[in-house]
1. Output the residues belonging to region 143-166 that are among the small types (Gly, Ala, Ser) and either open to solvent by 90 Å² or more (accessible area, probe 1.4 Å) or at pLDDT 95 or above (or both).
2. Select from region 89-105 the residues that are charged (D, E, K, R) and closer than 18 Å to Ser139 by Cα and list them in ascending order.
3. Out of the residues in region 101-130 that are of a type in the set (D, E, K, R) and over 15 Å from the mean Cα position of the chain (by Cα), which is nearest to Trp56 (Cα to Cα)?
4. Pick from Glu46, Glu64, Glu68: which is farther than 11 Å from Val31 by Cα, surrounded by 13 or more Cβ atoms within 10 Å (Cβ to Cβ) and over 15 Å from the mean Cα position of the chain (by Cα)?
5. Out of all the residues in region 20-43, which are open to solvent by 70 Å² or more (accessible area, probe 1.4 Å), closer than 18 Å to Pro95 by Cα and at pLDDT 90 or above?
6. Please tell me if Leu74 is part of a strand (DSSP E or B), over 11 Å from the mean Cα position of the chain (by Cα) and closer than 16 Å to Val31 by Cβ.
7. Sort through Val126, Val82, Val91, Val86 and tell me the only one that's over 22 Å from Glu35 (Cβ atoms) and of a type outside the set (Ser, Thr, Tyr).
8. Counting only residues that are on the phi > 0 side of the Ramachandran plot and in contact (Cβ under 8 Å) with a residue 12 or more places away in the chain, which one in region 84-133 is surrounded by the most Cβ atoms within 10 Å (Cβ to Cβ)?
Amino acid sequence: MRRMREEFRPRESRPCPFLIRRMTREDLPAVMELEKASFRSPWSFELLQRELSHDWSVIFLLEEPLPEGGRRLLGVSIFWIVHDEVHVLNVATAPEHRRRGVGRRLMEATLDEGRARKCCLATLEVRRSNEPAINLYKSFGFRPVGVRPNYYVEEGQPPEDAIVMVLDF
């Protein structure tokens with residue numbers, strides 16, 4: 001049985017100029033650019049394309065309207081809804097737009113989608129060294145529940161553990 005976390009109260013969200021919408025195939029080139037700028041081992045074009053075809057997969061884009069018209073992609077959240085659980089797979093913010101609340105807004109939208117679909121649990125893995133992300137997840141009430149040793153393996157880099165985190169809705 002999962003225990004409820006009575007002591008956690010989400011922070012009130014404040015209005016912001018960001019737009020959040022679901023990704024389409026037309027967005028693939030822009031999302032690939034953001035992935036490459038954000039990660040040493042970005043998701044591949046084929047993997048992103050495949051995620052768009054799964055019923056259980058959701059990809060949210062966070063954009064900012066531009067003064068001259070159009071929008072600029074600032075972040076992406078990729079997650080699965082599996083039965084009554086949200087599995088957060090990827091949250092990326094363009095490096096030049098970090099510390100602006102992009103990741104927070106994406107996580108809010110991700111968790112709101114899970115709640116709307118009657119999920120009772122959210123899970124994710126995060127690099128042990130990614131303190132800003134760990135602190136962000138903790139601010140939502142996620143708690144560490146385990147470690148996946150050597151989860152992140154990249155050519156030319158030492159392997160790194162993942163911290164497994166869980167949030168009970």
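The values are calculated or read from the model by the stated rules, or taken from the named source; none is laboratory data. All values derive from a computational prediction rather than experimental measurement. Methodologically, a virtual Cβ is constructed for each residue, glycine included, from the backbone with ideal geometry; neighbour enumeration extends over all protein chains shown. For the accessible areas, the whole protein counts, side chains as well, though only heavy atoms, and no ligand, DNA or RNA atoms are used. Shrake-Rupley method; radii C 1.70, N 1.55, O 1.52, S 1.80 Å.
1. Matches in region 143-166: Gly146, Ala162.
2. Across region 89-105, the qualifying residues are Arg98, Arg99, Arg100, Arg104, Arg105.
3. Here is the first cut: in region 101-130, the ones of a type in the set (D, E, K, R) are 104-105, 108, 112-113, 115, 117-118, 125, 127-128.
When the remaining residues are screened for being over 15 Å from the mean Cα position of the chain (by Cα), the result is 115, 117-118, 128.
On the way: Arg115: 15, Arg117: 11, Lys118: 14, Arg128: 27 Å.
By that ranking, first place goes to Arg117.
4. That would be Glu64, the only listed residue that is farther than 11 Å from Val31 by Cα, surrounded by 13 or more Cβ atoms within 10 Å (Cβ to Cβ) and over 15 Å from the mean Cα position of the chain (by Cα).
5. Pro29, Glu33, Lys36
6. It is true that Leu74 is part of a strand (DSSP E or B), over 11 Å from the mean Cα position of the chain (by Cα) and closer than 16 Å to Val31 by Cβ.
7. Val82
8. So, considering only residues that are on the phi > 0 side of the Ramachandran plot and in contact (Cβ under 8 Å) with a residue 12 or more places away in the chain, the one surrounded by the most Cβ atoms within 10 Å (Cβ to Cβ) is Gly101.
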